[in-house]
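The values are calculated or read from the model by the stated rules, or taken from the named source; none is laboratory data. Since we're looking at a predicted model, the values are computed, not measured. Cβ: placed from backbone, ideal geometry, glycine included. Neighbour counts: every protein chain shown. All accessible areas refer to the heavy atoms of the entire protein, side chains included, with ligands and DNA or RNA removed. Shrake-Rupley method; radii C 1.70, N 1.55, O 1.52, S 1.80 Å.
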Amino acid sequence: MVEAWQRQLKESLTDAAQLAERFAVEVDVLQAVIERYPMRITPYYFNLIEQADDPIWRQCVPDPAELAEGGLVDPLAEESLSPVPAVIHRYPDRVVLLASNNCASYCRFCTRKRKVGCATHGVSFREQRDGIAYIAETPQIRDVILSGGDPLLLPDVVLRDLLERIHAIPHVETIRIGTRMPTTLPQRITVELCAVLKRFHPLFINTHFNHPRELTVEAVEACGRLADAGISLGNQTVLLKGVNDHPETIAQLFRGLLKMRVRPYYLHQMDLTSGTAHFRTPLQTGLDIMRALRGPVSGMASPHYVVDLPGGKGKVPLQPEYLDRSGTMPGIWTPDGERVSYPDI
Ligand SMILES: *Cc1c(COP(=O)(O)O)cnc(C)c1O
Ligand code: SF4
């Protein structure tokens, strides 16, 4: 039986002519972008578009700006941090295991744009096996993060087998899965999938919602099924120019996520990836948003704003500056800009 999510994948939009059936687009121009960076949009996600250039459109429809020169192909130096091709080992006790290089929909701002969706960059079974062998023989690894691509694109049986082998490694204490399925293909979160996942606790899932319009009934139900399977849900949002670079949009997104039992975990500064410069905001935009959230938005719904430094130097949280040591008595600024004297010791 073909399931709803498989049908969605089969009917995904992959070329510019399909976009032209509903919107006025320059097919040749977009097709040139697609030759370089593939397009895939599930019908479900495509139907969230209300008009050209809206926040959903910008995330999934190719843009000639992607062909601009500049930026870094591998901004986080992931290739050089890979002891074996399927593993990225940047921090002492946790690794990323690349489980798939495909996604239900390709985000135009993807950090792994260099590989994601490219047939020549698939993760082979053999590479995956070597990755698991590396984890098994590296006892300081406590936390394995399945990423890609989207790990939940794997069929249930393949995913179960992969999770079983990781779960069986004695020093691996937690497993995380990074997935955009609840956003672009919530139909993938089936009861059967949840039954597979719940066997591998402690299991954490980080979703990837970027705009309040993505919080549909389907998405709410998908996250509900995962949460009911005992899975702790976090969310990683990428700060994107023209999509969500407004305090009000972000506040609405984070409040909405908390309501669906998903805790905002990170707000990511857009990486320096080639072909994504048109999505990048100044750092100050992120800092201003964080300041605006402090107070009006529950601490439960307030993530860390992080910059992943080029060259694989890691993620660094940035905070608006609240401490003021000028003057005779140190002070702390309120988010509204009132200075409160505060004795240090
Ligand atoms: C982000 C990331 C992690 C996880 O970092 P946390 O701050 O623990 O979420 C691990 N490895 C790599 C390579 C990463 O990019
Ligand atoms: S879902 Fe993640 S890995 Fe896939 S294209 Fe989007 S950002 Fe990249």
Exercise. Which numbered condition trips up Cys194, out of (1) of a type in the set (A, V, I, L, M, F, W, C); (2) within 16 Å of ligand 1 (Cβ to nearest atom); (3) free of Cβ contacts under 8 Å to residues at least 40 places away in the same chain?
Worked result: (2)
Problem set entry | Residues that are in contact with a Gly (Cβ under 9 Å, 6 or more places away or on another chain) and open to solvent by less than 20 Å² (accessible area, probe 1.4 Å), drawn from segment 138-153 | Leu146, Gly148, Gly149, Asp150, Pro151
Seminar exercise, completed: The number of residues in segment 253-266 that are open to solvent by 30 Å² or more (accessible area, probe 1.4 Å), touching a strand residue (DSSP E or B) at 6+ places or on another chain (Cβ under 8 Å) and away from ligand 1 (no atom under 16 Å from the Cβ) is 3
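Yes or no, residue by residue, for (1) touching a Gly at 6+ places or on another chain (Cβ under 8 Å); (2) farther than 30 Å from Glu127 by Cβ:
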{"residue": "Arg7", "(1), (2)": "no, no"}
{"residue": "Ala16", "(1), (2)": "no, yes"}
{"residue": "Arg22", "(1), (2)": "no, yes"}
{"residue": "Glu26", "(1), (2)": "no, yes"}
{"residue": "Glu35", "(1), (2)": "no, no"}
{"residue": "Pro62", "(1), (2)": "no, no"}
{"residue": "Ala68", "(1), (2)": "yes, yes"}
{"residue": "Pro75", "(1), (2)": "no, no"}
For this session: Output the qualifying pairs, or none if there are none: Cβ atoms under 8 angstrom, residues six or more apart or on different chains, first residue in segment 255-269 and more than 16 Å from ligand 2 (Cβ to nearest atom), second residue among the basic types (Lys, Arg) and at pLDDT 95 or above.
Result: Leu257/Arg263
Problem set entry | Candidate set from segment 67-81 (those that are in a helix (DSSP H, G or I) and within 14 Å of ligand 1 (Cβ to nearest atom)); member that is least open to solvent (accessible area, probe 1.4 Å) | Leu81
For this session: State yes or no: is Cys103 open to solvent by 20 Å² or more (accessible area, probe 1.4 Å), closer than 26 Å to Gly71 by Cα, within 16 Å of the chain's Cα centre (by Cα) and within 16 Å of ligand 2 (Cβ to nearest atom)?
Result: yes
Exercise. Mind checking which residues of segment 295-327 are away from ligand 1 (no atom under 16 Å from the Cβ), part of a loop (DSSP other than H, G, I, E, B) and open to solvent by 50 Å² or more (accessible area, probe 1.4 Å)?
Worked result: Gly295, Pro296, Ser298, Glu321, Arg325, Ser326, Gly327
Seminar exercise, completed: Counting only residues in segment 226-252 that are out of contact with any strand residue (DSSP E or B) (no Cβ under 8 Å at 6 or more places or on another chain) and under 20 Å from Arg112 (Cα atoms), the one surrounded by the most Cβ atoms within 10 Å (Cβ to Cβ) is identified as Leu240
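Residue by residue, here is whether (1) more than 30 Å from His278 (Cα to Cα); (2) in a loop (DSSP other than H, G, I, E, B) holds:
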residue	(1), (2)
Ala65	no, no
Pro83	yes, yes
Val96	no, no
Ala104	no, yes
Arg108	no, yes
Thr111	no, yes
Ala133	yes, no
Leu146	no, no
For this session: Out of the residues in segment 164-180 that are within 16 Å of ligand 1 (Cβ to nearest atom) and either assigned to a helix (DSSP H, G or I) or in contact (Cβ under 8 Å) with a residue 40 or more places away in the chain (or both), state the one that is nearest to Tyr134 (Cα to Cα).
Result: Ile166
